[in-house]
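The structure appears right after this line, and notes come after that.
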Amino acid sequence: MKQLLFLVFAFVLPTLAVAQQPGVPTDTTAMRHITFESIEVIPTAASVKGMLLLNKDLQYELEGAVDNMYNFKYERAEKQFKSLRRRYPEHPLPYFLMGLSQWWKIVPTNIQTLKYDDVFFAYMDTTIQKAEKMYDRNEKDFEASFFLAAANGFTARLHSERSNWRKATVASKRSLEYMEKAKAGNGLSPEFLMGEALFNYYAVWIHENYPMLRPVLAFFPDGNKRLGLKQLRHVANSGFYTGTESKFFLMKIYANEEGNMEESLRIAQELALKYPDNAYFQRFYARVLFVQGYFTKAERVSQEILQKLEQRMPGYEAVSGRYASYILAYINQNKYRDFEKAKQYYKQSIMFAEMSNERDSGYFINSYLNLARIAHQEKDKAAAKRYYTVVLQASEKKSATYKEAKQYLKANRKG
C-alpha cells in the first residue's frame with residue numbers, strides 16, 4: 001500500500017522533477033502542438049526582468065558549482081552556493097540549491113538515510129519563506145511561483161518517502177497550486193517544462209499499470225506519455241539547471257518503464273563519464289552495462305565503485321557496494337569460472353544488503369541462490385541446503401527462485 005500511495009504522490013507532484021533544480025516558470029501549453037527540435041526559447045522581457053534563473057552571467061558562474069554537486073564534491077559546491085546567498089540573501093535560489101545539495105547526499109542511500117533530513121527541510125522551508133515574500137509583493141511574479149511549486153513539491157517527496165502522508169499531502173497541494181500559477185507566465189523555458197513532462201508521462205503510466213488508482217487519477221488532467229518523453233528530451237538537451245535532472249529521469253524511464261536499454265545505456269554512460277564520482281550514476285551505469293552483456297566494462301566500473309567505497313568517498317555506501325559486488329560475483333562465476341572469487345563477492349553483496357536493510361532485494365536473494373548453485377556443483381550438499389533455505393524464506397511463493405529452492409530441498413531431504 002505504501003508503494004501505491006507513493007505513486008499517487010509521484011503523480012500529483014509534477015513539480016518533483018522541477019524541484020530537483022531551479023528553472024524558469026512559463027506557459028508550456030503551446031508546446032503540445034509543435035516540434036521540439038525547432039524550438040527557440042525566447043521568454044518575453046516583461047516576464048524575465050530581474051529573474052536570477054535567466055541570468056546568463058549567473059549561470060556561467062554557477063556551472064562549476066552545479067557540476068561539483070552532481071559529482072558529489074559537496075563542500076566545493078556549497079561554498080559557492082553560500083557565496084550566492086551572501087549576495088542575494090532575500091532570494092530563494094541559493095537556499096534551494098543548498099537544499100538540493102542535501103538531497104543528493106540522500107539519493108545514494110536509496111533515500112534511506114535520515115542524516116540530512118532536518119537540514120534539507122530547513123533549506124526548503126527557507127526557500128518557501130523567501131518565495132512567499134516575493135509572491136506577496138507581486139502575485140504575477142512567476143519566479144516566486146516556480147520556487148513555491150518546486151520547494152513544496154520536493155518537500156512532499158521526502159515526506160512521502162518517510163510515510164509522513166499528512167505533511168506530504170499538504171505540501172503536494174501547495175505545489176500543484178503554485179505550479180498552475182507559474183504556468184501562466186509568458187514565454188517558453190526548458191527548465192520549467194520538466195515538471196509538465198513528468199506529469200504527462202506518469203499520468204498515463206500509472207493509469208496503465210495501476211488500475212486501482214484510476215478513480216483517483218480521474219480528478220487530474222490527462223497525460224500524454226509520448227509527449228512527456230519528447231519534453232524530457234528537450235529539457236535534457238536545453239536546460240541549464242534541469243538538464244541533468246531530465247537525463248536522470250530519462251535514464252530510469254528508458255530502463256525501467258520503456259524497456260529501451262540501449263537509450264538508457266547511452267544516457268547512463270554520458271552521466272557516468274561527466275560525473276565519475278557520483279555513486280548513483282556509476283552504479284546505474286554498471287547495472288545497465290551488466291544487463292546488456294557488456295561484462296568487461298561492467299567489471300571495470302564495478303571494481304572502481306568498490307575502490308571508491310573502500311576509500312570512503314562521499315556517496316559510496318552499502319547500496320553501491322551491493323550492486324558492484326553482485327556484478328563482479330556473477331562475472332567471476334559465469335565468465336571466468338572462478339568460483340572462489342564468485343563466492344567471496346556474493347557474500348560481500350549479501351553483507352552490503354544486510355547493512356542497507358535490503359534483504360528483500362533481488363541481489364540479496366540471487367546471491368544466496370548462486371551460492372547454492374555453486375555449492376551444488378562442488379557437491380557440498382550441506383551448504384547448498386543452507387543457502388536454498390534462505391532463498392525459500394526470502395522469495396515470494398510464486399517466484400522462480402522460490403520454486404527452485406523448494407524443489408531442491410524436497411529432493412534432498414535426506415543427507
Of the residues in region 276-322, those that are among the basic types (Lys, Arg) and touching a residue at least 24 places away in the same chain (Cβ under 8 Å) number 4
Within region 246-262, of all residues that are charged (D, E, K, R) and under 16 Å from residue 292 (Cβ atoms), the one surrounded by the fewest Cβ atoms within 10 Å (Cβ to Cβ) is 262
Going by the conditions given, is residue 97 closer than 29 Å to residue 323 by Cβ, among the aliphatic types (A, V, I, L, M) and open to solvent by 30 Å² or more (accessible area, probe 1.4 Å)? no
Run residue 398 past the list (1) open to solvent by less than 20 Å² (accessible area, probe 1.4 Å); (2) modelled with pLDDT under 95 and report the number of the one that doesn't hold. (1)
Name the pairs: first residue in region 358-379 and of a type in the set (Gly, Ala, Ser), second residue surrounded by fewer than 20 Cβ atoms within 10 Å (Cβ to Cβ), Cβ to Cβ under 6 Å, at least 6 apart or on different chains? 375/383
Pick from region 101-155 the residues that are hydroxyl-bearing (Ser, Thr, Tyr) and under 17 Å from the mean Cα position of the chain (by Cα): which of them is most open to solvent (accessible area, probe 1.4 Å)? 116
Residues in region 57-89 that are open to solvent by less than 10 Å² (accessible area, probe 1.4 Å) and not in a helix (DSSP H, G or I) total 1
Which of (1) in contact (Cβ under 8 Å) with a residue 40 or more places away in the chain; (2) within 17 Å of residue 283 (Cβ to Cβ); (3) open to solvent by 20 Å² or more (accessible area, probe 1.4 Å) does residue 265 not meet, given it meets every other one? (1)
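The values are calculated or read from the model by the stated rules, or taken from the named source; none is laboratory data. This structure is a prediction, so every number in the text was calculated from the model and none was measured. Please note: Cβ atoms are built from the backbone with ideal geometry, for glycine as well, and neighbour counts cover all protein chains shown. Just the protein is used for accessible areas: all its heavy atoms, side chains included, with ligands, DNA and RNA removed. Shrake-Rupley method; radii C 1.70, N 1.55, O 1.52, S 1.80 Å.
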